[in-house]
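Comments concern the structure below.
Nothing in this text is a laboratory measurement; each read-out follows from the coordinates by a stated rule. Because the structure is predicted, anything quoted here is derived from the model rather than measured. Ideal geometry is used to build each Cβ from the backbone, glycine not excepted, and the neighbour counts take in all protein chains shown.
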Amino acid sequence: MKLTRLLDQRPTTRRDVLFVAAGTTITCLGAGALSHTVNKIDLRASLGWFDTVTVDLTGISPGSTLRVKWGQRPVLVRRRFTHEILSEQAVNPEELLDKYARNPELEKNALATDSNRVKKGHEQWLVVTGLCTHMGCSLTADYKEQVGGWSCPCHGARYDVSGRVRSGPAPQNLEIPPYRFVSDTLIELG
Ligand code: FES
């Protein structure tokens with residue numbers, strides 16, 4: 001089992017997030033209290049790949065992002081503040097660089113409204129693939145100015161907390177992986 005620890009620093013809080021690389025049962029540490037286990041991720045292998053990943057959302061505080069590896073892909077699980085949700089809901093998708101939702105559960109021409117990027121009734125959670133849609137760089141840093149979300153370390157594309165590209169060379173919004181809520185505190189990827 002290989003783990004790489006990512007440290008997420010913010011002006012007022014400091015959180016530790018573990019990046020899940022592989023394994024069968026992974027423990028994530030959060031909220032700056034390393035002695036407190038807050039998340040457990042159970043990975044189930046099938047056909048030689050980790051096709052399903054169950055993510056425990058317990059302990060992810062608002063404004064925090066949990067990074068999970070699903071198959072070969074990093075997935076960002078972000079708990080959003082209420083003001084972030086309201087701000088993203090107010091965005092007119094027609095004014096975006098990519099106006100389409102890129103949600104495999106919706107029609108291809110579904111617009112990138114915030115509601116089309118998250119699960120109804122679970123709007124505080126954003127689940128997106130953490131790979132830039134320009135050339136596939138891994139999004140590792142939060143982008144805290146103006147739109148929030150993430151910036152790409154390679155060529156500077158920026159994504160908001162709905163995973164929609166807001167500037168830079170990226171052509172599309174972040175991909176939404178297949179996932180479902182097993183309960184209010186558990187999601188299943190894949
Ligand atoms: S790979 Fe992200 S902006 Fe180029």
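Return the sequence-ordered ³J(HN,Hα) values of region 183-189 in whole Hz as given by the Karplus equation 6.51 cos²θ - 1.76 cosθ + 1.60 applied to θ = phi - 60°, using x for Gly and Pro.
Listing the rounded values in order: 8, 5, 10, 9, 10, 10, 8 Hz.
Which order, highest average first, do 117-128, 67-78 follow once you tally other Cβ atoms within 10 Å for each residue and take the mean per peptide?
Working: 117-128: 19.1, 67-78: 20.8.
Per-residue Cβ counts within 10 Å, averaged per peptide and sorted highest first, yield 67-78, 117-128.
Between Arg166 and residues 5 or more places away or on another chain, which pairs have amide H atoms under 5 Å apart, with H built 1.01 Å from N, and which residues are they?
Result for Arg166 returns Arg158, Tyr159, Asp160.
Along the principal axes of its C-alpha atoms, what lengths does region 66-190 span, in descending order and rounded to whole Å?
Result, largest extent first: 37, 32, 28 Å.
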